Amino acid sequence: MKLLIVDDEELTRTGLIDSIDWESLGIFQLFQAEDGISGLRIAKAMKPEIVLCDVRMPRMDGIEMVERLEKLLPHSAFIFMSGYSDKEYLKAAIRLKAINYVEKPLDPTEVKNSIKEGYNCVRQNMRTVKNELFYSRGTASSFAAALTQPYRDNKENVTALAKELGLKLTSHASFTSFVVKLEQSQTDQNLMDQVLTDLEVFLSHSHMQVYYVSKYIQYHVFHILSPVLPPHGAVNRIGVFLKNCFDPACTFYISRGETCSGIARAYDSYASAVSLMQSSFFFDPGTFFTPEENDTVHTEKEDRNKSAEEAYITLLSEAVLNNDRKIGRELLRRLYEDFYQRREVSPHEAKDLYYKLFMVLEDCRQTLRLAPVMEPENAMKLLESCFSFRELHQKLTQKTELLFEAARSHLSEEPTIFLIKEYIHNHYHDEALSVRDIGGQVYLSASYVCTYFKNETGQTINQYLTDYRMKKAKELLADSRYQIADISNKVGYSNGNYFSKSFKKMTGLSPSDYREKMLK
C-alpha cells in the first residue's frame with residue numbers, strides 16, 4: 001500500500017520514515033508533504049491508501065485537508081497526529097471517521113499499531129467494494145437476461161430488477177441491443193470483463209449504461225440504455241467501439257437491433273439483433289450487421305430443390321473420379337457463390353448439402369483406393385465446428401484438392417492391401433488391434449496376411465501400424481491443446497512410458513522434446 005505523511009516539521013517526517021520498517025507493515029511506497037495544501041496535491045496524484053497527518057499546520061490544517069480528501073479517497077484510512085490535547089480537534093477527527101489519533105511526541109510502537117489498524121481497515125473497505133461491485137454486476141446481468149424475454153411474460157421480474165438497480169425508466173428511455181457471437185473456444189471471461197469495463201467508460205460520456213449477459217456460451221448480449229433517444233451516429237459508434245474491442249482478440253460477428261423507446265419494447269431490439277445474427281454464418285467473420293443494411297438487401301429466394309443438390313453431388317463425384325481438377329474447381333466456385341452472403345438461406349440447409357459432399361469425396365477416395373488425405377473425422381462434428389461458411393467451404397476445397405493430388409500422384413493400390421491399410425487407418429487408436437483382426441477383415445489367416453502384406457509393401461503389418469501411429473502422434477503433438485498422455489491413448493498406447501520409448505526410437509526425440517521443437 002501507499003502511505004502519505006503530512007507534517008510541517010521535517011524532523012518528525014524523517015524520524016518516522018527512518019525509525020519504522022514500513023515494508024513489514026505492508027507499506028511499499030512512502031510520500032511526504034510539509035502542509036495541507038501540498039498534502040492535498042500529492043494525495044490527488046498518488047491516491048495513498050493511508051494518510052498520516054498532523055492536525056495543526058500552516059496554510060491548511062489536517063482537518064480541512066482530510067475533509068477535502070474524503071470524497072476523493074472514500075476508501076482510504078486517515079490517522080491524525082497532534083501535540084495538543086484539544087477536544088475540538090478530537091471531535092473533528094471522530095466526525096471525519098479517522099481510525100486513530102496519535103499524540104506527540106510520537107511513540108513508534110503506537111504509530112505502528114495505528115498503521116496496522118489502517119491497513120486492515122483499507123483491506124476491509126476494498127473487500128466491501130469488490131462485493132458491492134460483484135453484487136451489482138450480478139443484478140445487472142439478471143436484468144440483462146430478463147430483457148431477452150418478451151416483456152409481457154416477464155414484466156414483474158423486469159420491474160423488480162430495475163428498482164433494485166435504482167433505474168428510473170421513463171417513456172423516453174431507449175434500448176438498443178447488440179449481440180456478439182464468438183467462437184466457443186475463444187470465449188474468455190477476462191476478455192469479457194475488460195470489454196464490459198471499457199464499454200462502461202465509453203458510454204459514461206454520453207450518460208448511457210450497459211447491461212450485459214452471456215447466452216449459450218458463445219453469444220454475448222449488450223443492452224444499451226439511454227435516458228433519451230440517441231442520435232443514429234451515436235448508436236453506430238457503440239457498434240464500432242465493440243468491434244474494435246474484439247478485433248485483435250478473436251473471431252466474431254456483431255449485430256445491432258432496432259433502437260426502441262420504453263422498457264416494454266426493449267425485447268424488440270434484442271429480437272431484431274438476433275434475427276440479423278441468424279444469417280451471419282454466410283458472411284465473413286468480423287461483419288457488423290445493422291437494421292439499415294438489412295432493409296437495403298432485396299434478394300429473391302431460389303427454388304432450392306432436390307435436383308439442384310443432386311447436380312452438385314453428381315458433378316463433384318464425376319470430376320474427382322475423372323481427375324478433372326478444372327471442372328472440380330469451377331464447381332466449387334459456383335457452389336461458394338451460391339451461398340455466400342445469402343440472407344434468406346438457412347445454415348442448416350447449407351450444412352446438409354456440404355455433409356453430403358464430404359461423403360461423396362470419401363466414397364470417391366475408397367473407389368479410387370487411395371489412402372486417407374485428411375485425418376478421419378466425424379463429418380457432423382466437422383460441420384458443427386465451422387464458425388463461418390467460408391471456413392466450411394475451405395475445408396471442402398482442401399479435401400477436394402488433396403484428393404485430386406493423391407489421385408494424380410499415386411497409382412491405385414492392390415485391393416487387398418488397400419483394405420488392410422484402410423482398416424488400420426480406422427482402428428489404429430485401438431490398443432487391442434491385432435494381426436488376427438486385420439486378417440479377418442480380408443478373409444486371410446494371421447500368418448498369410450503378414451506374408452502377403454510384407455511381399456506387397458516391403459513392410460510388416462506391425463511396422464506399418466507403428467509408423468502410422470507415430471505419424472498421427474506427430475500431428476497431435478503439433479497441437480498444444482492435447483496433453484501427451486491423451487495423445488498416447490489416442491494413438492493406441494495405454495502405457496505412456498512405452499509410447500514415449502517407441503516415439504523416441506522412431507524419431508530420435510521424446511514426445512515433449514518433439515513438441516518443443518515443433519512449437520518454437
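The values are calculated or read from the model by the stated rules, or taken from the named source; none is laboratory data. These numbers come from a predicted model, not from an experiment. Cβ: placed from backbone, ideal geometry, glycine included. Neighbour counts: every protein chain shown.
Given the options Ser142, Ser177, name the one that is surrounded by 15 or more Cβ atoms within 10 Å (Cβ to Cβ) and either outside the structural domain of Phe289 (by TED's automatic domain parsing) or in a helix (DSSP H, G or I) (or both).
Numbers: Ser177 fails: either outside the structural domain of Phe289 (by TED's automatic domain parsing) or in a helix (DSSP H, G or I) (or both).
It is Ser142.
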Taking the options Ser226, Ser261, name whichever one is of a type in the set (Gly, Ala, Ser) and farther than 17 Å from Ala144 by Cβ.
Ser261
Across region 143-168, what is the total count of residues that are closer than 29 Å to Cys245 by Cα and either among the hydroxyl-bearing types (Ser, Thr, Tyr) or touching a Gly at 6+ places or on another chain (Cβ under 8 Å) (or both)?
1
Being closer than 26 Å to Phe389 by Cβ and either surrounded by 15 or more Cβ atoms within 10 Å (Cβ to Cβ) or touching a strand residue (DSSP E or B) at 6+ places or on another chain (Cβ under 8 Å) (or both), is that true of even one residue in region 200-216?
yes
Name, by its number, the condition in (1) part of a helix (DSSP H, G or I); (2) among the polar types (S, T, N, Q); (3) modelled with pLDDT under 90 that does not hold for Thr397.
(3)
Name the one entry in Leu133, Leu96 that is among the hydrophobic types (A, V, I, L, M, F, W, C), modelled with pLDDT under 85, more than 20 Å from Glu64 (Cα to Cα) and not assigned by TED's automatic domain parsing to the domain that holds Glu200.
Leu133
Give the residue, chosen from Tyr428, Tyr448, Tyr423, Tyr354, that is modelled with pLDDT of 85 or more and surrounded by fewer than 16 Cβ atoms within 10 Å (Cβ to Cβ).
Tyr448
Here's a check for you: in region 1-27, which residue that is among the charged types (D, E, K, R) and over 20 Å from Leu69 (Cβ atoms) is modelled with the lowest pLDDT?
Glu23
Considering only residues that are touching a Leu at 6+ places or on another chain (Cβ under 7 Å) and not aliphatic (A, V, I, L, M), look in region 479-513 and name the one that is farthest from Thr466 (Cα to Cα).
Ser480
Any residue that is among the small types (Gly, Ala, Ser), more than 23 Å from Met518 (Cβ to Cβ) and assigned to a loop (DSSP other than H, G, I, E, B) - is there at least one of those in region 424-443?
yes
Among the residues of region 162-194, count how many are over 23 Å from Pro231 (Cβ atoms), among the hydrophobic types (A, V, I, L, M, F, W, C) and out of contact with any strand residue (DSSP E or B) (no Cβ under 7 Å at 6 or more places or on another chain).
3
Val66 is checked against (1) closer than 22 Å to Val122 by Cβ; (2) in contact with a Phe, Trp or Tyr (Cβ under 8 Å, 6 or more places away or on another chain); (3) at pLDDT below 85 and fails just one. What number does that condition carry?
(3)
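Matching residues to (1) hydrophobic (A, V, I, L, M, F, W, C); (2) in the same structural domain as Asn120 (by TED's automatic domain parsing); (3) at pLDDT 85 or above:
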| site | (1), (2), (3) |
| --- | --- |
| Ser38 | no, yes, yes |
| Lys47 | no, yes, yes |
| Cys53 | yes, yes, yes |
| Pro74 | no, yes, no |
Do we have Leu403 as more than 30 Å from His429 (Cβ to Cβ) and at pLDDT 85 or above here?
no
Mind checking whether some residue in region 271-292 is over 30 Å from Glu337 (Cβ atoms), touching a helix residue (DSSP H, G or I) at 6+ places or on another chain (Cβ under 8 Å) and assigned by TED's automatic domain parsing to the domain that holds Lys168?
no
Among (1) surrounded by 15 or more Cβ atoms within 10 Å (Cβ to Cβ); (2) modelled with pLDDT under 90; (3) of a type in the set (D, E, K, R) - the single one Asp363 does not satisfy:
(1)
Of the residues Ile487, Ile438, Ile461, only one is buried (at least 19 other Cβ atoms within 10 Å of the Cβ), within 28 Å of the chain's Cα centre (by Cα) and either modelled with pLDDT of 90 or more or outside the structural domain of Asn426 (by TED's automatic domain parsing) (or both); which?
Ile487
If I filter region 160-174 down to residues being in a helix (DSSP H, G or I) and in contact (Cβ under 8 Å) with a residue 24 or more places away in the chain, which single residue comes out as surrounded by the fewest Cβ atoms within 10 Å (Cβ to Cβ)?
Glu164
So which of Gln218, Gln209, Gln278 ends up being polar (S, T, N, Q) and within 26 Å of Glu164 (Cβ to Cβ)?
Gln209
What residue, among those in region 44-73 that are more than 14 Å from Asp7 (Cα to Cα) and among the aliphatic types (A, V, I, L, M), is surrounded by the fewest Cβ atoms within 10 Å (Cβ to Cβ)?
Ala45
